[in-house]
2 protein chains.
Amino acid sequence: MTSTATITPTSTTELEEFLTAAQEAAAPWAALRPAERAAVLDAVASALDAAGETLIPIAMHETNLPQARLTGELKRTTFQLRLFGEVLRDGAYLDARIDHADAQWPMGAPRPDLRRVLEPLGPVLVFAASNFPFAFSVAGGDTASAWAAGNPVILKAHSGHPELSIATAAVIAEALAAAGIQAGVFALIMGTEAGATALKDSRIKAGGFTGSIPGGRALFDMANARPEPIPFYGELGSNNPVFVTAAAAADRGATIAAEFVASFTMGAGQFCTKPGTIFVPRGSEIVEALRDSELPAAAPLLNSRIQSGYLEVLEALQGHDKVRVLAQGSDPLADPPSPTLLLTSAEDVLAHPESLQTECFGPTALVVEYTDEAELIALAKSFEGQLTATLIGTETCEVESLIDVLARKAGRVLWNQWPTGVSVTYAQQHGGPYPATTSVGSTSVGTAAISRFLRPVAYQGFPQGLLPEALQDTNPLNVPQMINGKR
Amino acid sequence: MTSTATITPTSTTELEEFLTAAQEAAAPWAALRPAERAAVLDAVASALDAAGETLIPIAMHETNLPQARLTGELKRTTFQLRLFGEVLRDGAYLDARIDHADAQWPMGAPRPDLRRVLEPLGPVLVFAASNFPFAFSVAGGDTASAWAAGNPVILKAHSGHPELSIATAAVIAEALAAAGIQAGVFALIMGTEAGATALKDSRIKAGGFTGSIPGGRALFDMANARPEPIPFYGELGSNNPVFVTAAAAADRGATIAAEFVASFTMGAGQFCTKPGTIFVPRGSEIVEALRDSELPAAAPLLNSRIQSGYLEVLEALQGHDKVRVLAQGSDPLADPPSPTLLLTSAEDVLAHPESLQTECFGPTALVVEYTDEAELIALAKSFEGQLTATLIGTETCEVESLIDVLARKAGRVLWNQWPTGVSVTYAQQHGGPYPATTSVGSTSVGTAAISRFLRPVAYQGFPQGLLPEALQDTNPLNVPQMINGKR
C-alpha cells in the first residue's frame, strides 16, 4: 500500500523561483504584527481541518498508517498551528528588553538607551520526516514554528508520502492566498538534490530536520560548511532507555511489562521516542511477563526503505553473540514484521555500547538484566545523548543520583510514564545532546520551538517612532517587556 | 613594551588533569543554588578589584594600553561578574515552565504533567581575546556567563598577555578556594595546540571565542567536526558601517566628523565595534572636516602580530586603485602607526565589496561618498553580517526602509550614537549574522549571554520531591515560573 507515485524532482529553475519568492516574501511576512501572523496560522489550521476527508485517505494509502492514528495526528497538527498563534498573541516569545539611558550605571560608563527584541532569521528550509506525515511533515512543527517566528518556509517533502505532501501544500497555498499572503511564504520542493542545493543557497538562513542520524549529520555538516554557516536543527536518533528499579519491579512487574510492550510496539515501533532498551533486575517477574506476553500482530512499516533498514539492524542485534531472543511473533523478519524482544545483560551492554545501544527503528526492543541497582548509574552514563530517558521507580527508591545522570543525557526525563507520546505544550522538550539532536539547546516540539528561528537585534538611542512596536514605551502590542532588568 | 614572557604551553598531562577536574567539578557546581553561585561570582569580582594594583601594571606592561583604560576595563569586568550574580538571583534565566496534567488538553490526547528548566551544558572552553585583556579575557564575559550558567570553565589564554592571564587566574583560584569551591571549576591553559586538543575533547561541551574571522572559523569548524558536535560561540570580525543622511550631514557635518574621528581612533582602532566605513553625501562638509581634522597621535598597537596584520590590510586598502588618502598622520605605516582616513565612492564599494568592506583592525577608516541617499539601501544590503550598523540622521529623514535592512544585517543598530562602546546591560546585543559571529542567535555581552551555555530538560510525571527546586510547586527558589502558559 505504500506510495507508487512518481516523484518529479524540483528543477533548478523552479527552485530558483521558490528561493527568490521566499526572499522577497521575508520582509513583508516579518513585518506583520504577531497577531496578524497568528490569524494566518489559524486560517491554515482551519483549512487543513476542513480538508481532512481528502488528506487522510491519501495518507493512509501512502504510509500504511491507520485512519484513527492519522485523524489524531491531523488534529495534533492543526492544534499545533493554533498554539503558535497563541504564542504570537502573548508576545513573550519576543523577549522584549528595554534599558533606559542611565548616567549612573555602575559599570563605570553611562548606559545608553538600549532596546532588544527577537526578529526573524529569514527563509527557513525544513526537511520533512516520514513517520508523522502530518505532525512532522509539510505543515508540521518545524513549519509552524518557523512561520510563527516570521520566516518563509521552503519544505523539502519526504519521499515516503509525496502525494500527501502535494495535497497538503495545495491546502496551505489556497489558505495563504485567501488570507492575502504572498505565495513566497511557502513552497514545497521534491528530491534530495533540490534539498541539498537549497540548503547551500545563501538565501536560506536556517534548516530544520527530523530523520536518521547519518542523514541529519550530512545535512548539518553541509549547513556548517557554507561560506555563511547557518543554524541547523536536526532531530536525529534516540534509544530512549528505560530504567526499572528493583522496588518497582517487585511491586508491579506485570504491569510494567504490559505497559512497556504497548509503548515499544506503538506505531509499529516507528516513534523517535520508542523505548529501545529496558533495564530490569535479574530474575524479575518482568522478564517472565515479557517472555509470556502476547505481542501485537505484525503491522506494515512505513515504507520499504524503513522495512529493509529495520531488518538490517534487527538481524545484527539478533545475531549478536551476547543477545538471545526473549519473545517474538511468528514472522519477525517478514514484511510486515511481527515484534521482537531480545535479552542481554548489563555487563554486555557496557562492553558493547556501539552494537547494543543502536537505535532500531521498528517493533524491537532489548531487555537488559542487571544484578545490582547501583549499576544503573554506570549504565546511564554509557549512553550517548537521548531524546528521552525513563525511570520506573517507587518513591522509596534512592534515585536522585540516577536522575542527575539521566538529566545530563536526555532532553526529557520521565517518571513512571512512557516516552512514546510527545505532547505539544508550553513545557515540552523534544531534543537532547547529540546524536539525539544537532542542537542541544533547542526543542522541535512545544512552544519553545519558536526560539530556533529568531535572532536578537538591539536598537541604541532610537527615537520612539523608529523603534519596532514591541520596544516602544507605549507598548502598542501589549507584549511583556523587561524594563531595566525588571519584569 | 609588549610581553617578552616565554609562554610555557600546557602539556598533554596537565591538560588531561584539567579536563578531568572540570568534568568532576561539573555536577557539584551545577548543583549549587543560583544564589550560591552568585555569591561565588561576587567573591571573584571582589578579589579582582582588590588585586587591581597588581594586575593593572602587568596589563600595561604587556598590552600597550594606558592605565585609565585598563582601570575602567577592570571595573567593567567585575561589574559584569556581579551583574551575572544579579541574573542568578532573579532566576528568570532558568525559563522555568510548568504544565499541569490536563485530561482535556485540546490536542486530542491528555497532557501529562511536564516541567522544563534550563540546565548547564558541562565544561566550557573559552578562548580569550587580545584587545580587552580583562573584559574579554580570563575573567571576561564568556567566563562569567558560562560560570553563571553553572559550567566549569577552561580558559585558553591569549598569547598577547600571558603574565596577566596567569596573575588573573591566580586571583580566581584563590577566591574560589576561599569560597570552598573545587578547583576544577576553573583552569588556565596556554598554547594553540592545547586549545585545539581541548576543543576536540569529549568532556568539553561548548566553546566561546573572540578574535579574527580565520581563527574563529577554524575553531568553529573543529567544534562541528567532532563526533559529538558542540555549540561554538565565536565573535569574529565586523566593519561596522555608518550611514549619514544628507539632512544630518547638512545639519551638523563638523560635529559628525569630529565624533567619527574619536570613535574610529578609540583604543587605536582596536575595538571589534570600530566604525570602519562612513557613508557621506558627496560634497558634504564632513569630507572637508575630515580632511582638515587633527587626527590623534600615533599610538602603539596591542602587539607585533596586530601591528603587522594592520599594515598588511592598510597597504592593500591604500594601494587600491579606487582609494585615495583623505587624511593621514605623519607615520601611517610606522610602529606605532598614526591614523589614516581613506576616501572612495559608493559605486566602488558596491563594485569591490571583498576588498573595500574588509575589517581593518587598527586606526584606519574608509570615507565613502554617495550621490543619492536612495543608494544607501543597496550599500547596506551589500555588506555581510555585522556586529553593529549606525545611522546618523534627523527625525525628518525617511529612513524606515534603511533601518529594516540594517536590522537584518547587524545585531545592534545605532541612531545618532557611535558603536565603539559596548555597555554591559540587560538589553545589550553583541553579535550578528556571520561573519560577525558564528552563532546568529546569541550575544557575548549583556545578561542574555548566559543562555548560550544552557540546555533545556523536561521532567514528565515527577513527584515534587524529585524535581529540581525551580520546578517545584512551592517554588522554594522564588524564581519566575510560567504555569500552564501564563506568567
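For the reader, a short list of remarks on this structure follows.
- Only listed residue being polar (S, T, N, Q) and out of contact with any helix residue (DSSP H, G or I) (no Cβ under 6 Å at 6 or more places or on another chain), chosen from A:Thr10, A:Thr78, A:Thr54: A:Thr54
- Against the numbered list (1) more than 27 Å from the chain's Cα centre (by Cα); (2) at the interface with chain B (Cβ under 7 Å from one of its Cβ atoms), A:Thr396 comes up short only at (2).
- As for the stretch B:406-419, it holds at least one residue that is in a loop (DSSP other than H, G, I, E, B), open to solvent by 10 Å² or more (accessible area, probe 1.4 Å) and more than 7 Å from chain A (Cβ to nearest Cβ).
- Number of the condition not met by A:Ser451 [criteria: (1) out of contact with any Asp or Glu (no Cβ under 8 Å at 6 or more places or on another chain); (2) outside any loop (DSSP other than H, G, I, E, B); (3) open to solvent by less than 10 Å² (accessible area, probe 1.4 Å)]: (3)
- If you check A:Leu125, A:Leu118 for being in a strand (DSSP E or B), among the aliphatic types (A, V, I, L, M) and surrounded by 24 or more Cβ atoms within 10 Å (Cβ to Cβ), only one passes: A:Leu125.
- Residue in the stretch B:228-246 that is open to solvent by 50 Å² or more (accessible area, probe 1.4 Å), farther than 29 Å from B:Gly446 by Cβ and either in contact with a Pro (Cβ under 9 Å, 6 or more places away or on another chain) or within 13 Å of chain A (Cβ to nearest Cβ) (or both) present: no
- Residue tally, condition surrounded by 23 or more Cβ atoms within 10 Å (Cβ to Cβ) and among the aliphatic types (A, V, I, L, M), over the stretch B:160-178: 3
A quick yes/no check of all residues on (1) hydroxyl-bearing (Ser, Thr, Tyr); (2) within 9 Å of chain B (Cβ to nearest Cβ):
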position	(1), (2)
A:Leu83	no, yes
A:Leu88	no, no
A:Tyr93	yes, no
A:Ile98	no, yes
A:Trp105	no, yes
A:Gly108	no, yes
A:Gly122	no, yes
A:Phe136	no, no
A:Asp142	no, no
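- Against the conditions (1) surrounded by fewer than 21 Cβ atoms within 10 Å (Cβ to Cβ); (2) within 30 Å of B:Glu384 (Cα to Cα); (3) within 13 Å of another protein chain (Cβ to nearest Cβ), A:Asp201 satisfies every one except (3).
- For the stretch B:208-227, the set of residues classified as more than 10 Å from chain A (Cβ to nearest Cβ), more than 13 Å from the chain's Cα centre (by Cα) and buried (at least 20 other Cβ atoms within 10 Å of the Cβ) consists of B:Leu219 only.
- Scanning the stretch A:145-159 for residues that are open to solvent by 10 Å² or more (accessible area, probe 1.4 Å) and in a loop (DSSP other than H, G, I, E, B) yields A:His158, A:Ser159.
- Among the residues of the stretch B:260-293, those identified as surrounded by fewer than 17 Cβ atoms within 10 Å (Cβ to Cβ) and either of a type in the set (Lys, Arg) or within 31 Å of the chain's Cα centre (by Cα) (or both) are B:Ala262, B:Arg282, B:Arg291.
- Taking the listed residues B:Ser423, B:Ser451, the one that is facing chain A (nearest Cβ under 8 Å) and touching a helix residue (DSSP H, G or I) at 6+ places or on another chain (Cβ under 8 Å) is B:Ser451, with no other qualifying.
- Filter pass, B:Val445 being more than 9 Å from every other protein chain (Cβ to nearest Cβ) and open to solvent by 10 Å² or more (accessible area, probe 1.4 Å): no
- Residues that are open to solvent by less than 10 Å² (accessible area, probe 1.4 Å), part of a strand (DSSP E or B) and β-branched (Val, Ile, Thr) occur in the stretch B:185-197; there is at least one.
- 1 or more residues closer than 30 Å to B:Pro468 by Cα: qualifying helices (runs of 4 or more DSSP H) within the stretch B:1-79: B:12-31, B:34-50
- Condition met for A:Gly207 (at positive phi and in contact with a helix residue (DSSP H, G or I) (Cβ under 9 Å, 6 or more places away or on another chain)): no
- Residue identified as closer than 26 Å to A:Pro214 by Cα and in a strand (DSSP E or B) among A:Leu342, A:Leu350: A:Leu342
- Residue match in the stretch B:372-389 (condition: open to solvent by less than 10 Å² (accessible area, probe 1.4 Å), within 9 Å of chain A (Cβ to nearest Cβ) and either at pLDDT 95 or above or in a strand (DSSP E or B) (or both)): yes
- Any hit, the stretch A:471-486, residues being surrounded by fewer than 22 Cβ atoms within 10 Å (Cβ to Cβ), assigned to a loop (DSSP other than H, G, I, E, B), without any contact (Cβ under 8 Å) to a residue 24 or more places away in the chain and of a type in the set (Lys, Arg): no
- Residue match in the stretch B:128-144 (condition: buried (at least 24 other Cβ atoms within 10 Å of the Cβ), aliphatic (A, V, I, L, M) and either without any contact (Cβ under 8 Å) to a residue 12 or more places away in the chain or assigned to a helix (DSSP H, G or I) (or both)): yes
- The lone criterion from (1) of a type in the set (Asp, Glu); (2) open to solvent by 40 Å² or more (accessible area, probe 1.4 Å); (3) in contact (Cβ under 8 Å) with a residue 24 or more places away in the chain left unmet by B:Glu73 is number (2).
- A:Ala170 part of a helix (DSSP H, G or I), away from chain B (no Cβ under 14 Å) and among the small types (Gly, Ala, Ser): yes
The values are calculated or read from the model by the stated rules, or taken from the named source; none is laboratory data. On a predicted model such as this, the values are computed, not experimentally measured, just so you know. With ideal geometry, Cβ positions are generated from the backbone for all residues, glycine too; neighbour counts draw on all protein chains shown. The accessibility values were calculated without ligands, DNA or RNA, using every heavy atom of the protein model including side chains. Shrake-Rupley method; radii C 1.70, N 1.55, O 1.52, S 1.80 Å.
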